[in-house]
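S.K.: Take this structure first; my questions come after.
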Amino acid sequence: MLPPFEPGDRPLPQGHHLVYFSPQVLTSDLLPDGTDPLQSPGNPFERRMWAGGSLRFTANGLQLDNTRASCTESISNVAVKGSEGEEKVFVTIQREIRILSDAGPSSLDFDNTEAGSSWPSINMLEERNLVFMRQKSAADAKADAAKPGKVLKRMRRFSTSISSILTSN
């Protein structure tokens, strides 16, 4: 439930959904790096890296007005890339935050739009893209750190030209 606020309700500031809709995992159940075990493919893919993400908001957004809201989290895509032994597991996590009506949880309508899309009933849609890699030994990590970094070459300059043709009607 969002906290009560004074008259003249204000929108929930962007990013604050991370506080109000945090995963319901006990601290004792978190992985050693503090992450949610429900989002991890498990051993041997124990190294985790952020690979991108997005946030989309509806015009009405979320208000700090003691309105009931729900966050549904799901894994929307998993892709394994790379050669055997060097695989990387790319995981897309989708979080949908919706305002619930006074009718209660049964008012949550996941199929209220065409083609099965639930976007109009969603007030905020967050996607997190994570990549999981195999654990490295200390020696392998040290060897990788000693390798020279990637050299980025300057892009060659390019020229553009714009032309227009005037015609009369």
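The values are calculated or read from the model by the stated rules, or taken from the named source; none is laboratory data. Since we're looking at a predicted model, the values are computed, not measured. Here the Cβ positions follow ideal geometry from the backbone for every residue, glycine too, while neighbour counts run over all protein chains shown.
S.K.: Name every residue in region 24-54 that is surrounded by 14 or more Cβ atoms within 10 Å (Cβ to Cβ) and either without any contact (Cβ under 8 Å) to a residue 12 or more places away in the chain or of a type outside the set (Gly, Ala, Ser) (or both), in order of residue number.
M.R.: Across region 24-54, the qualifying residues are Val25, Leu31, Thr35, Asp36, Gln39, Pro41, Phe45, Glu46, Arg47, Arg48.
S.K.: Are any residues in region 17-30 at pLDDT 85 or above and in a loop (DSSP other than H, G, I, E, B), and if so, which ones?
M.R.: Selection gives Phe21, Val25, Leu26, Leu30.
Rundown of residues vs (1) more than 35 Å from the chain's Cα centre (by Cα); (2) surrounded by 11 or more Cβ atoms within 10 Å (Cβ to Cβ), yes/no style:
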| position | (1), (2) |
| --- | --- |
| Arg128 | no, yes |
| Met133 | no, yes |
| Asp144 | no, no |
| Pro148 | no, no |
| Leu152 | no, no |
| Arg157 | yes, no |
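For (1) surrounded by 12 or more Cβ atoms within 10 Å (Cβ to Cβ); (2) at pLDDT below 90; (3) not hydroxyl-bearing (Ser, Thr, Tyr), each residue gets a yes or a no:
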position: Lys81; (1), (2), (3): no, no, yes
position: Glu84; (1), (2), (3): no, no, yes
position: Ser101; (1), (2), (3): yes, yes, no
position: Ser106; (1), (2), (3): no, yes, no
position: Asn123; (1), (2), (3): yes, yes, yes
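S.K.: Take Ala115 and tell me if it is modelled with pLDDT under 85, more than 21 Å from Pro23 (Cα to Cα), surrounded by fewer than 10 Cβ atoms within 10 Å (Cβ to Cβ) and of a type in the set (A, V, I, L, M, F, W, C). I'd like the intermediate steps shown before the answer.
M.R.: Details: modelled with pLDDT under 85: yes; more than 21 Å from Pro23 (Cα to Cα): yes; surrounded by fewer than 10 Cβ atoms within 10 Å (Cβ to Cβ): yes; of a type in the set (A, V, I, L, M, F, W, C): yes.
Taking the combined requirement at face value, the residue satisfies it.
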